[in-house]
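Only one structure is covered here, and it is reproduced in the block below.
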């Protein structure tokens, strides 16, 4: 399926691509399967200005319960809104007067996703990444993670669902220790103090995911380190999370893989 719309000098092409990514069965979803496919969207003016986007799309296979339909609707709504925002941002750059006639006026966006699901766990993580390049020395990539329960169909937007507020302060201290120990280039004075102040005031950590080895806390370029240091990822294994009593004793934390 495909369509083409003309917007001034901008040619917008939407293409849907279906590909099997993950299929799982769920007792909560009446033993039906949930199929994740991929949808793609492309917007291009010429070789110097373009957007390539790929987002996940969920649909039921077989029967579907009310809980499953609600979850699928919310899942697709979230990702459609990300795509809409990215397209709007891109078109806004073009309308602002960028001619896209040569390499000095470049707007290249790449929106993509990756699913990360620990084996034997109901907790699924999806990374949402946007690469922006406006010309100059280098582009910039922003990555955000979504964490949800693939059985219950519940989203967990912050780490507080897994770690209570009383342990969040201890986790931040461990985070700084690991950043300094694992990265010789890490400078606690570069953005860290302002980031820590922000986190202390909100008591939330929202960019994280779980993989087969444990919890990953993710920081984009420029967030707490210079561009040359790249994104910063802090790993805390399941054994350490449990031995230091970080995890909640109830709720979704009980569904994480055992070490």
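The values are calculated or read from the model by the stated rules, or taken from the named source; none is laboratory data. From a predicted model like this one, the values you see are computed outputs, not experimental measurements. Heads up, the Cβs are rebuilt from the backbone with ideal geometry, glycines too, and the neighbour counts pull from every protein chain shown.
Of all the residues in region 208-243, those that are in contact with a helix residue (DSSP H, G or I) (Cβ under 7 Å, 6 or more places away or on another chain) and more than 14 Å from residue 257 (Cα to Cα) number 7. Does region 233-240 contain at least one residue that is part of a loop (DSSP other than H, G, I, E, B) and crowded, with 18+ Cβ neighbours inside 10 Å? Within region 233-240, none of the residues are part of a loop (DSSP other than H, G, I, E, B) and crowded, with 18+ Cβ neighbours inside 10 Å.
Among the residues that make up region 61-76, is at least one of them part of a loop (DSSP other than H, G, I, E, B), at pLDDT below 85 and touching a helix residue (DSSP H, G or I) at 6+ places or on another chain (Cβ under 9 Å)? So that I can check it myself, show each step before the final result.
We begin by selecting, within region 61-76, every residue part of a loop (DSSP other than H, G, I, E, B); these are 62-65.
Subsequent filtering for residues that are at pLDDT below 85 retains 62-65.
Then keep just the ones that are touching a helix residue (DSSP H, G or I) at 6+ places or on another chain (Cβ under 9 Å); that gives 64.
Within region 61-76, one or more residues are part of a loop (DSSP other than H, G, I, E, B), at pLDDT below 85 and touching a helix residue (DSSP H, G or I) at 6+ places or on another chain (Cβ under 9 Å).
Let's see how each residue does on (1) modelled with pLDDT of 85 or more; (2) touching a strand residue (DSSP E or B) at 6+ places or on another chain (Cβ under 9 Å); (3) within 27 Å of residue 233 (Cα to Cα):
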position	(1), (2), (3)
78	yes, yes, yes
81	yes, no, yes
96	no, no, no
105	no, yes, no
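Does residue 215 qualify as being outside any loop (DSSP other than H, G, I, E, B), within 22 Å of the chain's Cα centre (by Cα), closer than 30 Å to residue 77 by Cβ and modelled with pLDDT under 85? Outline the logic, then answer.
Numbers: outside any loop (DSSP other than H, G, I, E, B): yes; within 22 Å of the chain's Cα centre (by Cα): yes; closer than 30 Å to residue 77 by Cβ: yes; modelled with pLDDT under 85: no.
Against the criterion (outside any loop (DSSP other than H, G, I, E, B), within 22 Å of the chain's Cα centre (by Cα), closer than 30 Å to residue 77 by Cβ and modelled with pLDDT under 85), residue 215 does not qualify.
Residues that are at pLDDT 80 or above and either part of a loop (DSSP other than H, G, I, E, B) or under 16 Å from residue 211 (Cα atoms) (or both) within region 117-137 comprise 122, 123, 124, 125, 126, 127, 128, listed in sequence order.
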